[in-house]
Structures are given as structure tokens and as C-alpha cells.
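One structure below.
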Amino acid sequence: MIEEAVFERIKQDSNISSLPQVLAEIIRITDREETTAKELADVILKDPALSARLLQVVNSPLYSHARKITTINQAVIAIGSRAVKAMALSAGLYH
């Protein structure tokens, strides 16, 4: 429950930016064919801002899932590594 409160707080603060090291690692591991959703989720969890953004996007009307997605692993599975990579790149370029 505390984790959800932290992510909610981060979502509300638009001044938090993603860590360049995390973005570089996401790019590196998504280029490998054998990368699992758990590996990608573990990297994303190192960056609270990116984690919050991912949960916000995956629970938006754009993806309209039947139930709320609450974990990063579920989010990665729901939208795929390609979309996660694109989101990480856009977040890195934006900030």
C-alpha cells in the first residue's frame, strides 16, 4: 500500500525526471531477443518517475484494460517491451 502512495505522489509531480542510466539499460536489454518482462520490470523499478509514468499510461483509456494494472511487471506484459522502450526514450528526450 505504501508503494501505491509513493507512485501516486510521483505521478502528481511533473518535475521528476528519469535516470539516464536506467534509460540506457532499458534500451540495451530491449534490444536483446531473450529479455523477459521481469528483467525489464526490474530495471524500470530502479526509476520511480518512469515506473509511475508507465502505470499511468497503461491504466489510461488508451489501453482500456478490464482491471487496473498495479505492478510494473503486469504493465510491461500489457503493453510490451517495444512500447516501454519508446516511452523510456520519449521520457529521456523530454527531460
So how do Asp31, Asp47, Asp42 rank on accessible area, 1.4 Å probe, biggest first, that is with the largest at the start?
Asp31, Asp42, Asp47
Separation in nanometres of the label points that stand 7 Å from Cα toward Cβ, at Leu89 and Leu45
2.6
In the full protein assembly as shown, how much of Lys38 is accessible to a 1.4 Å probe, in Å² to the nearest 10?
120
Under a 1.4 angstrom probe, counting protein chains only, how are Glu34, Glu25, Glu39 ranked by accessible area, largest first?
Glu34, Glu39, Glu25
At 1.4 Å probe size, what's the solvent-accessible area of Val84? Round to the nearest 10 Å².
0
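The values are calculated or read from the model by the stated rules, or taken from the named source; none is laboratory data. The structure presented is a predicted model; accordingly, all values stated were derived computationally and were not measured. Don't worry about glycine lacking a Cβ; one is built from the backbone with ideal geometry, like all the others, and counts go over all protein chains shown. Remember, those area values only see protein heavy atoms, side chains included, never the ligands or the DNA or RNA. Shrake-Rupley method; radii C 1.70, N 1.55, O 1.52, S 1.80 Å.
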